[in-house]
1. Over 27 Å between C-alpha atoms is what I'm after, so list which of 324/497; 348/601; 387/489; 193/601; 348/404; 537/591 land there.
2. If I take every Cα pair under 8 Å that is 6 or more residues apart in the chain, average their sequence separation and divide by the length, what percent do I get for the relative contact order?
3. Please name which of 196, 442, 209 has its Cα lying farthest along the dipole of the chain towards the positive end, using unit charges on Cβ (Lys, Arg +1; Asp, Glu -1) and the Cα centre as origin.
4. What is the log10 of I(q)/I(0) for region 444-556, computed with the Debye formula using one identical point scatterer on each Cα and no solvent, at q = 0.15 Å⁻¹?
5. Mind checking the angle between helix 173-182 and the chain's longest principal axis? C-alpha axes, 0 to 90 degrees, to the nearest 10.
6. Long-range amide H contacts for residue 125: which residues qualify at under 5 Å (H placed 1.01 Å from N, peptide plane, sequence gap of 5 or more or a different chain)?
7. Cα-Cα pairs above 19 Å in region 172-258: how many percent?
8. Per residue, how many Å² of accessible area does region 136-204 show with a 1.4 Å probe?
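The values are calculated or read from the model by the stated rules, or taken from the named source; none is laboratory data. All figures in this text were calculated on a predicted structure; none of them were measured in a lab. Virtual Cβ from ideal backbone geometry, glycine too; neighbours counted across all protein chains shown. What goes into the accessible areas is simple: the full protein's heavy atoms, side chains included, and nothing from ligands, DNA or RNA. Shrake-Rupley method; radii C 1.70, N 1.55, O 1.52, S 1.80 Å.
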Amino acid sequence: MHKSLTVVLLYFVSPLLEAVEWPPGEPSSSKIFNERKTETFRHGVKSEWGYAAPQEDTFVVMHPKVNRVNAPLYVVLHSAGHDVFSCVNCTKTVGNHDIYRSPDDHYALYLDCRKNRNDWWWGGMHRRDKGLTERNSGGDTVPVEKRVIDTVGWAIKRYRIDPNRVYLSGNSMGGSGTLGIGMRHGDVFAAIKANVPAGVEHVSERLFFPPKSPPKGQRLPDPPICVNYSAQNDGWSFGHDRFFEAMEERHYALFFYWGPFGHANNSARIKTVNDLIDSFDWLSVRKDEAYPVFTKASTNSKLPWPDDLKSGEAGQVNAFFRWKTVEDAAQKLEMSLFLASPANLKTKFRIPSEARADVSVRRLQNFRVKAGGSFQWEFGDSKGEGKADAHGLIAIPGLKITSKPTVLRIVTGSPEGVAAPGANARHQVEGRGWRLDRARVTDRTRPRVLLIGDSILSGYRKRVVGALEGKAYVDAWVNPHWQSENTNKLLADLLEKNGPYEVVHFNMGLHGWPEGRIKEGTFRPLTRAYVNVLKEKAPGARLIWASSTPVTAKGDPSSLDTEINPIIVKHNGMADEVMKAEAVPVSDFYKLLLKRRSLAKGDRFHWTGPAYKLLGEKAVSSILTALEAPSATTSS
């Protein structure tokens, strides 16, 4: 652990400038560094932080190479050998504390704990410093930790950061701070990554790890996903056996890598020992999405701590698990679980073909099981029942996970809900639930229109209703269904109870992508049967089919999702064939947004206001054409 400080004249800040307060004003320095705009800010204290005396602190913000709204934020805590300026200066050279380097499309926030001695070790402690341990032990956060969190919040607001994509990283002392501050603040950070953390005492104290326990009545937010790589031949890694055991006991998500690479900070050199350290895409994790926690995994390597520190072996915990959240509804949760495969992960490690692990779920957005409440689950050919713990945590033991994606389905209520997914579940999607919204009819001579779709419909429904006000009554069935006999029965029932309609504008596609939902060879006949239900139960109605919208890469709307979007394209193509055969005109939503991917929300499926405005206008144009020219059959 190097405590000498190399002075780097990256920025010059005059000591004659006036004393500053919180929040900071304009930057005291702004320049181009590494081809990126880089700003330095000076500030004083906020009374709520609890500092005993006034002090001045400095932080640096590095902009993305191409500025954009809703960008992610990469937060960096420096090691004991650096301050904020020398930390930033390291990013000039690949191989020099690589974890300090943020992706070019992220904002980066560099903080400081060197200038003021009571902020040392980022408010944490380690076993080699009795004074730090006495001053900072316990579960209460100290002033520097509060300063870090408030500075992150300030940056989110000033730079219009995506608050669901904020990430914390650090090396050595900064790694200790990353664990201690990050794990306590899952309401701020989506994921964290610690490079050779200098001690696990900070996180152990703040999260009340055994032998302690959280005070009665104190509920900590679900923590971020944690990535940690440490070396058994590094004295600073002492206690990682207890850290691992506590993370397992609490059902906290951990990706852990080790090997005899010492207190290293050069990623390329570390990868010659353990090439898995960057294999998990931690910067794709979102704070507004549920995630699974894998514990007691059969594929975990044996820990070298505490008794085999001279081991020359590299190892891992949970390195091969992957997932995609399919649906997070009020009464149903679906996640696709699978293992990385040799096709998408290159490593010297043997990639397992299957693993057994207990699976629990955190950061649920809509799905809830009350404390002690019952739930039913289904995973491939396996199914069972369980009860949530005293905090409402769901845990399912011993699932067999392979490289083939398999949907884990969890529901509340009766066991039948597991066997028949998607029947009548309601949940919140962008503030709206699965539902039928019915217009209040007062003029029986005015035509009625039915919109059918999923959460995309929630985005443009109001625009259609507003544009057709006084011209037509608009009902909207917002649902999570896909091509199935059960969906066709639900449609028939809805039309019988709520018709008649003069126009039906319908879409059904995004929820049919997971493997196994629509059996091979059934898409066309089930879609044709859906159209026949519309024709039978809504006789005389002009039908308009809307193609499904593109699926963009998570966090990178400029790119298409390589796994899901090809399925959407295939399904759109088959549906288009059916519509042509059935003489149903098409409203091509996919084509409309394909070249406007910059309007995507960044979560793969959803879009921003301007995109929904375009979809609404497209739907209105199609509906007005149908209302005014009943015989029209041309595509819109």
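1. Numbers: 324/497 36 Å; 348/601 37 Å; 387/489 32 Å; 193/601 25 Å; 348/404 21 Å; 537/591 30 Å.
Beyond 27 Å: 324/497; 348/601; 387/489; 537/591.
2. Values: 1337 pairs, mean separation 45.6, N = 636.
In percent, rounded to a whole number, it is 7.
3. Working it through, the farthest residue towards the positive pole turns out to be 442.
4. With no solvent term, the Cα-only Debye profile gives -0.68.
5. So the helix axis and the longest Cα principal axis differ by about 40 degrees.
6. Sorted by chain and number, the residues that satisfy this are 202.
7. Numbers: 1104 of 3741 pairs.
Roughly 30 percent, once rounded to a whole number.
8. On the way: 1440 Å² over 69 residues.
Using a 1.4 Å probe on heavy atoms only, each residue of region 136-204 averages 21 Å².
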